1. Output the residue which, of all residues in the stretch 51-71 that are among the hydroxyl-bearing types (Ser, Thr, Tyr) and either assigned by TED's automatic domain parsing to the domain that holds Arg139 or at pLDDT 95 or above (or both), is nearest to Arg26 (Cα to Cα).
2. Residues to consider are Arg48, Arg26, Arg42, Arg74; find the one that is surrounded by fewer than 16 Cβ atoms within 10 Å (Cβ to Cβ), closer than 21 Å to Arg90 by Cα and modelled with pLDDT under 95.
3. Could you list all residues from the stretch 46-73 that are part of a loop (DSSP other than H, G, I, E, B), under 21 Å from the mean Cα position of the chain (by Cα) and of a type in the set (Gly, Ala, Ser)?
4. Could you tell me how many of the residues in the stretch 77-94 are part of a helix (DSSP H, G or I), closer than 20 Å to Leu34 by Cβ and not hydrophobic (A, V, I, L, M, F, W, C)?
5. Please go through (1) modelled with pLDDT under 80; (2) over 30 Å from Gly28 (Cα atoms) for Val154 and return the number of the only condition it doesn't satisfy.
Amino acid sequence: MAAPPRPEDHFRRRLVSLFALTLMEREGPIHGYLVSERIAQRTEGAWRPGPGAVYPGLRILAKSGFVRSKVVGRRTVYAITPAGRALLARIRSGREQFLRAKPDLGLLWAEVMGSEDMGTLLLLRLRRSLEALEVQLARPPPGRDQKGNLRDQVLAELSQSAVRIRGSTTKPLTAVTPAGR
């Protein structure tokens, strides 16, 4: 008898399914291997979901009417339906509320994992976010020329944060090189 799925497996399958739906919306019909490849690209190889994470999610999307599937050669190809587009629109319409209203549970998880210095953890998360932004600035999504706009937004946010952290607008910003970088 197979073990029941773990909660994190369920979460990952749902995330993979929604990401696949987003890919279909942006790129057109796709197959499961492409979903796995795109996730590996987005996570810089840190995560490459296997067939057990990709295909069950795609089948659930098809069963729910969010995608259509058809066999082409040896592959099953999935295409988003109007219902799938509507689902993404509903999810995105609540994006700002989601970002503001949901607590960041990462800090709780860090404590569970044994991290004692939350400041260092937050600094590491900031570095990872900044590195991801650098990658995004280096290669904006196809068809979008938002490089300058994103750069300006990032710099404005960093400048405002520096002022808040420093507590005064009179001191000039100084370059700080973190240890180990």
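The values are calculated or read from the model by the stated rules, or taken from the named source; none is laboratory data. Nothing here was measured: the structure is a model prediction, and the numbers come from that model. Glycine also receives a Cβ, built like all others from the backbone with ideal geometry; neighbour counts cover every protein chain displayed.
1. Ser69
2. Details: Arg48 fails: closer than 21 Å to Arg90 by Cα; Arg42 fails: closer than 21 Å to Arg90 by Cα; Arg74 fails: closer than 21 Å to Arg90 by Cα.
Within the list Arg48, Arg26, Arg42, Arg74, the selection yields Arg26.
3. Ala46, Gly50
4. 2
5. Single failed check for Val154: (1).
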